[in-house]
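Here is the structure we will look at, set down as structure tokens.
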Amino acid sequence: MGHKRIKNIWNQYARLIQLETIFRMFIMSHWNYRVIKKYHKETDTSTYHIHEVYYSDDGIIESWTESAVEPMGETVDELREDIRFFTKAFQKPVLKEETENGKPALVPQNDLQEINDGHYFELMDRAGVAVDYIYQFLGCHPIIIKDGNLREIYERAGNALVELYQEAGRLEFEQTNKNDNP
């Protein structure tokens, strides 16, 4: 399959994901779940919690729930969806509570994990596992095989993961060669 075809499939898949994200953002347009690090003076320890964080129209944090929140739903499906949004909180920088001008504020924590040489291979390996997983657990499902529309969506997702794997492999190869030839 040509590079242009793969790119076209990836773009179609990305548009589907964007539509879902836009819909969710419309529903949750001014808040989301975020991980907040709290420092406790009494014990000189920090703990991490998930809170609802509320934003102004221009994306500035205005407030957040005082207490951590728990996933919930009126149905099992709603609970599962809420948990999915909880996990999205880990894709954003951790926030920490600080005091600015005498008022509590949330600021991004700046201690992001350093990337080391092993991360490149690890990413490629995880992408390979994801490709195998989607094939074993979705691609062979009888409904996916039977329903042409679902099969097409599955193939776009699978091709996107293959492209991710190939790009991760390219990065890993470049990193290995860079270290071998300083």
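The values are calculated or read from the model by the stated rules, or taken from the named source; none is laboratory data. None of the values given here were measured: they were computed from a predicted structure. Cβ atoms come from the backbone with ideal geometry, glycine included; neighbour counts cover every protein chain shown.
A quick yes/no check of all residues on (1) hydrophobic (A, V, I, L, M, F, W, C); (2) buried (at least 16 other Cβ atoms within 10 Å of the Cβ); (3) in contact with a Phe, Trp or Tyr (Cβ under 6 Å, 6 or more places away or on another chain); (4) under 27 Å from residue 45 (Cα atoms):
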residue	(1), (2), (3), (4)
83	yes, no, no, yes
92	no, no, no, yes
142	no, no, no, no
147	no, no, no, no
156	no, yes, yes, no
159	no, yes, no, no
175	no, yes, yes, no
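Take segment 78-100 and flag every residue that is over 17 Å from the mean Cα position of the chain (by Cα) and either modelled with pLDDT under 90 or assigned to a strand (DSSP E or B) (or both).
Of everything in segment 78-100, those that are over 17 Å from the mean Cα position of the chain (by Cα) and either modelled with pLDDT under 90 or assigned to a strand (DSSP E or B) (or both) turn out to be 96, 97, 98, 99, 100.
Do we have any residue at all in segment 155-174 that's assigned by TED's automatic domain parsing to the domain that holds residue 122, farther than 19 Å from residue 121 by Cα and without any contact (Cβ under 8 Å) to a residue 60 or more places away in the chain?
The answer is yes; a qualifying residue exists.
Tally the residues that are acidic (Asp, Glu) and either at pLDDT below 90 or touching a helix residue (DSSP H, G or I) at 6+ places or on another chain (Cβ under 8 Å) (or both), restricting the search to segment 133-160.
Count: 1.
Is segment 1-16 home to any residue that is surrounded by 10 or more Cβ atoms within 10 Å (Cβ to Cβ), aliphatic (A, V, I, L, M) and modelled with pLDDT of 85 or more?
Taking every residue of segment 1-16 in turn, none turns out to be surrounded by 10 or more Cβ atoms within 10 Å (Cβ to Cβ), aliphatic (A, V, I, L, M) and modelled with pLDDT of 85 or more.
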